[in-house]
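Colleague: Please see the structure below; I have some questions.
The values are calculated or read from the model by the stated rules, or taken from the named source; none is laboratory data. Computed from a predicted model, the values in this text were never measured in an experiment. Positions of Cβ are backbone-derived with ideal geometry, glycine not excepted, and every protein chain shown enters the neighbour counts.
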Amino acid sequence: MIDFFPKEYIVSSSRRKFGICDRPAPAAEKAYIAEKQGQDWIAAVDNYPQIKVNFVPVDHCIELRRADGSMDNRCDGCLFYRDTIIFVELKQRKGKGSQWIKDGEQQLRSTIGYFERQEEARDFLVKQAYIANSEKPFFRTGQAVRMERFFSDTNYILRIENRIKIE
């Protein structure tokens, strides 16, 4: 069993707007939320209902190991509230191409795969995943086929944008 909600790492915010941040590679630090707007934000969370939203970092906090004992791919973190869970992968990449999307999708698929084998996965009715890139903030419409395939494979709605709406 893997504990995806270790109490010592969970932080919360009820702010109308807050950000999710992560230090750029090669830093081996965990993602975190920031309530004061700044350049560190990679994803912005719009919490219009101002409900308590919890955040837990996954990378550098939760060990997801392959059968051979090596560390598997992990996304940066996860937001959860009521019956909703949102896995988030943060990217800070410029340039052409969509390799950052492929990398982010792989990290999300891996993390979700481990999570869905846990008992707690059944507690969430709304399941989403975001790949957020501070350098490419706008929704990628050209990724519709990828998003549909992601949903049919995982049952999670995939969004490729850096604005996460809490509903």
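Colleague: Out of the range 1-50, which residues are in contact with a Phe, Trp or Tyr (Cβ under 6 Å, 6 or more places away or on another chain) and in a strand (DSSP E or B)?
Modeller: Val11, Gly19, Cys21, Ile33, Val45
Colleague: Give me a count of the residues in the range 51-65 that are in a strand (DSSP E or B) and either over 15 Å from Phe87 (Cβ atoms) or at pLDDT below 95 (or both).
Modeller: The qualifying residues number 1.
Colleague: Look through the range 66-86, keep the residues that are out of contact with any Gly (no Cβ under 8 Å at 6 or more places or on another chain), at pLDDT 95 or above and among the hydrophobic types (A, V, I, L, M, F, W, C), and return whichever of them is surrounded by the fewest Cβ atoms within 10 Å (Cβ to Cβ).
Modeller: Going through the qualifying residues, I end up with Phe80.
Colleague: Restricting the range 66-108 to residues that are touching a Leu at 6+ places or on another chain (Cβ under 9 Å) and part of a strand (DSSP E or B), which is farthest from Arg23 (Cα to Cα)?
Modeller: Once the filter is applied, the top-ranked residue is Thr84.
Colleague: Would you check if Thr111 is within 27 Å of Lys17 (Cβ to Cβ) and modelled with pLDDT under 95?
Modeller: In short, no.
Colleague: Looking at (1) within 25 Å of Val11 (Cβ to Cβ); (2) in a helix (DSSP H, G or I); (3) at pLDDT below 95, which is the only condition Ala121 fails?
Modeller: Unmet for Ala121, out of (1) within 25 Å of Val11 (Cβ to Cβ); (2) in a helix (DSSP H, G or I); (3) at pLDDT below 95: (3).
Colleague: Tally time: how many residues in the range 32-47 are more than 12 Å from Arg163 (Cβ to Cβ) and either surrounded by fewer than 21 Cβ atoms within 10 Å (Cβ to Cβ) or modelled with pLDDT under 95 (or both)?
Modeller: 8
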